[in-house]
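The values are calculated or read from the model by the stated rules, or taken from the named source; none is laboratory data. Predicted model, so just to flag it, every value in this text is computed and none were measured. Ideal geometry is used to build each Cβ from the backbone, glycine not excepted, and the neighbour counts take in all protein chains shown. Surface accessibility is based on the protein's heavy atoms, side chains included, excluding ligands, DNA and RNA. Shrake-Rupley method; radii C 1.70, N 1.55, O 1.52, S 1.80 Å.
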Amino acid sequence: MNEARILRNISYRAWHMWRRNIDVSLVTWKTNVVPPLLEPVLYILAFGVGLGAYVQKISFDGRAYDYLTFLAPGMIAVGVMFHSIFETMYGAFIRLRYQKTFDAVITTPLSAEDILAGEILSGATKGLFAGTAILLIVTLFGLASYPSSLVILPLAALAGLMFASFGLLFAATAPYIDNLNLPIFLFINPMFLFSGTFFPLDGMPAWIRLAANILPLTHLVNITRAAAFGRLHAALLWDLLYIVVLTATMAYIAIRKMKTRLIK
Amino acid sequence: MPPVITASQLRKNYGELCAVAGIDFEINRGECFGLLGPNGAGKTTTVKMLTCALPLSGGDITVEGLSVAKDPRGIKYLLGVCPQEMNLDPDFSVLKNLIVYSRYFDIPYAEAKGRAEELINRFHLHDKLDRPIEDLSGGLKKRLLMARALINKPRVLILDEPTTGLDPQSRRQIWEEVREMKKHGLTTLLTTHYIEEAELLCDRLVIIDAGKIVEQGTPRQLIEKHLEGKGSLEDVFLKLTGKHLRDE
Ligand SMILES: Nc1ncnc2c1ncn2[C@@H]1O[C@H](COP(=O)(O)OP(=O)(O)OP(=O)(O)O)[C@@H](O)[C@H]1O
Ligand SMILES: [Mg+2]
């Protein structure tokens, strides 16, 4: 099983798998559309309005921002992460193990690679949808500046591919569904808390900053925040490069690993 | 005419266990070919290798001259597969199952809808059109699986135990369908434990046990050879595969 083979086995048919997953989301659209819209409102109320009342201005990139303004772009990034990673982590695990969906599709003209690429695409779509919904809310609260904030949309799609690939890899390595608590505890929760989402990393000890820079969410937060503040700059291309490289690597590893569970 | 399907020295190991131990068979155009054997004989494993869902450990299978190792996609366009294990999509209704499945074969929506409605009528599923899969009885699920296998107008139909767990009425209906499709020249591979079913439907069959072919021929030939023309195919089956329980 070499790289060339995995790439060559991906075709336009991946979109058939994508379409299947999107159709499922549309059947149950109320549970898929409402939470991404409502969650950020809760966050804004709890952290921005509630906690923000006790927090002084936060200085970031040489300027002072009130807490709600600082937090808003972080919520967009977090929304993209959760919605894309859970779609593949739990969704693909259930389709593989309980629903036998992949067993049915593998005897049609889709290759295992098509199926898995489709899974990553639908995970990314969920992330993009959540990111767009939260950006909309944040915009309504007057917390995003334009046109730079438009960068967030393609960025959310890219980061969605990355997190969906992580999710697929976790699904591929977990023997039982309960094992998925492990990546939540070791990877997702630390990212949620320590990626510069809730507070700037500048004040943290050097080792935490270093660790945070390994976590992919940090780089998404960096670009998203700069875009929302209207302060994009060239150094952010390093963050982008990190995300691009990690996306390609993780997608490859995840498809390769999951393929061995799909066709034994 | 060259055979539609050729398996040569087909082998599958699951770690230490040898599930299929080098079998050869050929299936001719338009015939119904039976794969018989006790539980754990290797029938489903053989079917999965043929449907490109399982890599081979050795040997080869070709369908219409295409090899499973080299052109799985080409083969999968030609096959209609009715699996032993129910894998209908629980997230969709009966009709939507057929529509979504037809998409995997690049069938345009308008055509897929027409075919789906025709199959739903043919398999008497019209009352359940909009019901979720979990509302269907076992027999209805099997019928829908069979309808799904036909949505892409396959050249070869693969039926892995299509009547297991069905009542006599539903079983007869499936048999009727298989006969009907044979009349239209569809090549069929059928696995079953119901020897009566094989006797009724199969032109030729092989009996496998522990991954090896133990006998092959037409049902009549096997009865002639082993029982001098007296008794049933079931007696031949028991004589060849023994009376002890399998896969325990
Ligand atoms: N994924 C697997 N891993 C390990 N062993 C397996 C696997 N699948 C099947 N086997 C073993 O391979 C052998 C053949 O199984 P197979 O499912 O092909 O039998 P079968 O003839 O279809 O039986 P049945 O009539 O019960 O459906 C059995 O001993 C089974 O336990
Ligand atoms: Mg079987």
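Quick notes
- Loop exposure criterion: trypsin sites (Lys or Arg not before Pro), DSSP state outside H, G, I, E and B, at most 11 other Cβ atoms within 10 Å. Applied to chain B, the longest stretch between such sites is B:71-229.
- FRET E, pair A:TRP238, A:TYR176, Förster distance 30 Å, beta-carbon r, rounded to 0.05: 0.20
- The apolar share of the surface of the stretch B:5-241, taken as the fraction of accessible area on carbon and sulfur atoms (1.4 Å probe, ligands and nucleic acids excluded), comes to 50 percent.
- What you get for the protein assembly as shown, charging only the Cβ of Lys and Arg (+1) and of Asp and Glu (-1), is a dipole of about 680 debye around the Cα centre.
- Across the protein chains, with a 1.4 Å probe defining accessible surface, the residues A:HIS219, A:HIS83, B:HIS124, B:HIS193 rank B:HIS124, B:HIS193, A:HIS83, A:HIS219 from largest area downward.
- For the stretch A:59-106, residues shielded by at least 10 square angstrom of accessible area compared with the chain on its own, probe 1.4 Å: A:GLN99, A:LYS100, A:THR101, A:ASP103, A:ALA104, A:VAL105, A:ILE106
- Interface size B-A, as summed buried accessible area [1.4 Å probe, Å², nearest 100]: 2200
- Degrees separating the helix A:14-27 axis from the principal Cα axis of chain A, which is the longest one: 60
- Accessible area of the stretch A:3-262 belonging to carbon and sulfur atoms, whole % at 1.4 Å probe: 70
- Across peptide B:66-75, the mean count of Cβ atoms from other chains lying within 10 Å of each residue's own Cβ comes to 2.
- Nearest-ten-degree value, helix A:216-228 long axis tilted from longest Cα axis of chain A: 50
- Per the Debye formula on identical point scatterers at the alpha carbon atoms of the stretch B:169-228, with no solvent, log10 I(q)/I(0) at q = 0.16, 0.18, 0.21, 0.25 Å⁻¹ is -0.58, -0.72, -0.91, -1.12.
- Entries in B:LYS183/B:LYS212; B:LYS43/B:LYS113; B:LYS142/B:LYS225; A:LYS257/B:LYS12; B:LYS113/B:LYS141 that, when Cα-Cα distance is taken, lie over 25 Å: B:LYS183/B:LYS212; B:LYS43/B:LYS113; B:LYS142/B:LYS225
- Annotation: lysines with alpha-carbon distance below 21 angstrom to A:LYS30 (same-chain offsets under eight excluded): A:LYS126, B:LYS96.
- On Cα atoms only, tilt of A:236-262 relative to the major axis of chain A in degrees: 30
- Additional length obtainable on full extension of the chain from A:TRP207 to A:GLN56, 0.36 nm per residue less Cα span: 51.8 nm
- Percent of beta bridges antiparallel (DSSP, chain B, rounded to nearest 5): 55
- Rg of the Cα atoms in the stretch B:5-241, relative to 2.2 N^0.38 Å, amounts to 1.02.
- Gyration tensor analysis over the Cα atoms of the protein assembly as shown returns equivalent ellipsoid semi-axes of 55, 23, 18 Å (largest first, whole Å).
- Solvent-accessible surface (1.4 angstrom probe) belonging to A:VAL244, in square angstrom, nearest 10: 70
- Choice from A:ASN181, A:ASN21, A:ASN213 showing the highest fluctuation, given a GNM over chain A with Cα pairs closer than 10 Å: A:ASN181
- In the full protein context, the stretch B:91-248 carries 47 Å² of accessible surface per residue, based on a 1.4 Å probe and ignoring ligands, DNA and RNA.
- Helical runs assigned H by DSSP (4 residues or longer) give the protein assembly as shown a calculated mean residue ellipticity at 222 nm of -16000 deg cm²/dmol, each run adding -39500 (n - 2.57) before division by the residue total.
- Accessible surface, per residue, of chain A when the full set of protein chains is kept, probe 1.4 Å, Å²: 45
- Reduced Cα scattering model of chain A, Debye log10 I(q)/I(0), q = 0.07, 0.13 Å⁻¹: -0.25, -0.83
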